[in-house]
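Written out below as structure tokens is the structure these notes cover.
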Amino acid sequence: MLNFVEKLGAYVLYYVNEAGRMGIFLFFSLLNIIKPPYNKIASVLKQIYVIGSLSVFVIIFTGAFTGMVLGLQGYNTLTKFGAEGLLGSAVALSLIRELGPVLSALMVTGRAGSAICAEIGIMRISEQIDALECMAIDPYKFIMAPKFIAGIISMPLLTALFDVIGIFGGYAVGVGLLGGNAGAFFSSMQSDVEFIDVYMGFVKSVCFGLLIVWLCAAKGYYVHLERKGGFGAEGVSNVTTSAVVLTSVSILVMDYFITSMLI
């Protein structure tokens with residue numbers, strides 16, 4: 001019984017410590033965004049390229065097929081009720097409010113988030129971060145702040161691209177393939193999509209961009225303190241997997257709470 005209590009206490013203390021250092025990491029990263037000297041535009045643009053531009057293909061591909069599936073399923077379902085004219089609003093609202101921000105964030109987590117975690121984790125185990133501190137260079141300012149800025153800027157743009165591609169994918173299937181009415185598709189979308197829907201998608205995408213960079217970067221930064229981490233390739237591998245899983249689950253949880261507050 002005492003061994004069980006001891007192990008339980010060790011787990012609780014470990015996760016309390018982890019939550020504390022994650023919070024400290026977020027605080028200093030955000031502080032170094034607004035604290036002078038400000039980050040160079042070149043370093044921010046480089047991270048926008050890494051996080052945003054290199055994710056465009058997977059966003060277009062995922063958005064197109066998501067919209068096509070929505071168009072196919074939506075048309076077949078609405079036809080049963082004689083409401084196929086509402087296909088445009090159904091596809092647009094589904095993408096703009098929920099699927100666009102969430103699926104975009106999950107794709108960016110798998111493509112860019114894992115790379116961020118692995119990059120920073122390797123910098124930690126190879127003592128590059130320690131070398132920066134020895135040279136009086138703040139790792140939060142030099143490494144973290146540009147990634148946070150790029151994540152916050154890139155995610156809304158990628159989400160908007162996902163939504164547009166998805167809507168045209170739904171149009172291609174619902175109107176072009178199944179013979180729906182093109183005018184009714186865009187008319188219903190125009191009449192039913194409101195500003196609050198676009199605003200909700202924008203808020204979610206900004207929050208998800210911040211969340212992806214925060215969790216993935218922090219996991220890599222503290223790889224030497226992780227339970228399955230350490231100073232080795234296996235530790236970086238385990239922490240990268242943990243970061244992707246944690247970020248993906250956190251995106252779904254945050255999506256629920258943001259929706260409950262804005263709906």
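The values are calculated or read from the model by the stated rules, or taken from the named source; none is laboratory data. Please read all numbers here as calculations on a predicted model, not as lab measurements. Virtual Cβ from ideal backbone geometry, glycine too; neighbours counted across all protein chains shown.
Summary of computed values
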quantity	calculated
Matching helices (runs of 4 or more DSSP H) fully within the stretch 81-167 where at least 2 residues are over 12 Å from the mean Cα position of the chain (by Cα)	87-93, 114-125, 128-134
Pairs, first under 13 Å from Leu78 (Cα atoms) in the stretch 170-195, second part of a loop (DSSP other than H, G, I, E, B), C-beta under 7 Å, six or more apart	Gly174/Gly180
Residue among Ile24, Ile59 that is free of Cβ contacts under 8 Å to residues at least 60 places away in the same chain, in a helix (DSSP H, G or I) and of a type in the set (Val, Ile, Thr)	Ile24
Gly180 vs. criteria outside any helix (DSSP H, G or I) and either out of contact with any Gly (no Cβ under 6 Å at 6 or more places or on another chain) or surrounded by fewer than 24 Cβ atoms within 10 Å (Cβ to Cβ) (or both)	yes
Residue check, Phe208 surrounded by 24 or more Cβ atoms within 10 Å (Cβ to Cβ), over 15 Å from Met22 (Cβ atoms) and either of a type in the set (Phe, Trp, Tyr) or in contact (Cβ under 8 Å) with a residue 40 or more places away in the chain (or both)	yes
Cβ pairs under 8 Å, 6+ apart, first in the stretch 77-97 and more than 14 Å from Ser191 (Cα to Cα), second small (Gly, Ala, Ser) and not in a helix (DSSP H, G or I)	Glu84/Gly180
Near pairs, Cβ below 9 angstrom, 6+ apart or cross-chain, from the stretch 211-229 (touching a residue at least 60 places away in the same chain (Cβ under 8 Å)) to any residue that is surrounded by 22 or more Cβ atoms within 10 Å (Cβ to Cβ) and assigned to a loop (DSSP other than H, G, I, E, B)	Lys219/Gly229; Tyr222/Gly229; Val223/Gly229
Per-region count, the stretch 33-56, residues within 25 Å of Arg111 (Cβ to Cβ), more than 19 Å from the chain's Cα centre (by Cα) and assigned to a helix (DSSP H, G or I)	4
Qualifying residue in the stretch 27-46 (condition: within 19 Å of Val223 (Cα to Cα), loosely packed, with under 15 Cβ neighbours inside 10 Å, hydroxyl-bearing (Ser, Thr, Tyr) and modelled with pLDDT under 90)	no
Residues that are more than 30 Å from Tyr222 (Cβ to Cβ) and β-branched (Val, Ile, Thr), drawn from the stretch 144-169	Val164, Ile165, Ile167
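This table checks each residue for (1) surrounded by fewer than 19 Cβ atoms within 10 Å (Cβ to Cβ); (2) touching a helix residue (DSSP H, G or I) at 6+ places or on another chain (Cβ under 8 Å); (3) modelled with pLDDT under 95.
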position	(1), (2), (3)
Val213	no, yes, no
Lys219	no, yes, yes
Val223	no, yes, yes
Arg227	yes, yes, yes
Gly232	yes, yes, yes
Ile251	no, yes, no
Ile258	yes, yes, yes
Leu262	yes, yes, yes
